[in-house]
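Heads up: the structure comes next, in structure tokens.
Read the figures in this text as sums done on the coordinates, not as results from a lab. On a predicted model such as this, the values are computed, not experimentally measured, just so you know. Neighbour counts run over all protein chains shown; Cβ positions are idealised from the backbone, glycine included.
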Amino acid sequence: MLISRHLQTYREAILTLPGGRSWTREELLTDEFRMARQGELETYYAPHNEYLNPEAQIAIVGITPGLAQMRISIREARLALLEGSTDEEACRRAKEEASFAGSMRSDLTAMLDELGLPGLLGIRSSRELFGEHRPLLHSTSVLRYPAFRKRQNYTGSSPSLLTTPFLLDRAVTDMKQEFGLLQRSLIVPLGKTVEKVLRLLEREGTLDGRLCLWGFPHPSGANGHRYRQFASAREAMERQLAEAVRLFKK
């Protein structure tokens, strides 16, 4: 289901991008795709996080799509629109291709496999969440649309998302909307920044913290400590995961 309809606004900009090649930063980070700006911070449009799977059993939450995900998302939506697909279908296809794309997806699914998630969900591998068992998954970001600082991927720090109202207000509003539409599901916040945002929702009573896999590191290659963080939190996460799955299957 679509949770917003910004694709209608950005459809023309998407369809007029040149075909047959990968787009540059300068072609994507333009006025035509900019959604908001405050000082050095900007947010731009990408269609994949407009699609939500309300029946998902697991929700994986990142910080924000980066330029690579933005490029994949727009490319796939453009292809779908040119083929005559509906906006919902275009956003769904964009999500399937763009969500945690690249090496980050490989590291993410490998970590989930090590925690035993496939056995708890009745699948062979966590990678199947991005393939044949996609209906089990809702993937999203606390900042739903790509955020940049000085035209570089925003990482959640410098400035801190938690102390920047321009970003935090949007994150809290969007997460409340999404979790309000999801059925009871396991939630995997990727990294400390995402975890802090979801802790705010837990304190407000919007989110059941017992369903969250706290302590999971952000799997991006930019997080050079991800393997050490994972090893340190592994035993606690295994206990949390088993309890969370028990709760949402009640």
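Could you identify which residue out of 157, 125, 106 has the top mean-square fluctuation in a GNM of the chain using Cα springs shorter than 10 Å?
Most flexible of the set in this elastic network: 157.
Roughly how far apart, in whole Å, are the Cα centres of region 185-220 and region 17-51?
With region 185-220 and region 17-51 each reduced to a Cα centre, they are spaced 27 Å.
Please find, in a Gaussian network model of the chain (springs between Cα atoms separated by less than 10 Å), the residue of 57, 69, 152 whose mean-square fluctuation is greatest.
152
Is the shape of region 42-105 rounded, prolate or oblate, going by the alpha carbon gyration tensor and its root eigenvalues a ≥ b ≥ c, with a/c under 1.5 for rounded and a/b larger than b/c for prolate?
Judged from the Cα gyration tensor, region 42-105 comes out oblate (a/c at least 1.5, b/c at or above a/b).
With springs only between Cα atoms under 10 Å apart, run a GNM on the chain and tell me which of 239, 78, 127 wobbles the most.
In this elastic network of the chain, the residue with the biggest mean-square fluctuation among 239, 78, 127 is 239.
Projecting each Cα onto the charge dipole of region 1-136 (Lys/Arg +1, Asp/Glu -1 at the beta carbon, about the Cα centre), which of 58, 7, 80 comes out farthest on the positive side?
Value: 80.
Among the DSSP beta bridges whose two residues both lie in the chain, what percent are antiparallel, rounded to the nearest 5?
50
With n ≥ 4 as the cut-off for DSSP H runs, can you work out [θ] at 222 nm for the chain, using -39500 (n - 2.57) per run divided by the number of residues, rounded to the nearest 500? Show your work: numbers first, answer last.
Details: 9 runs with 111 residues, N = 250.
Mean residue ellipticity, 222 nm, calculated: -14000 deg cm²/dmol.
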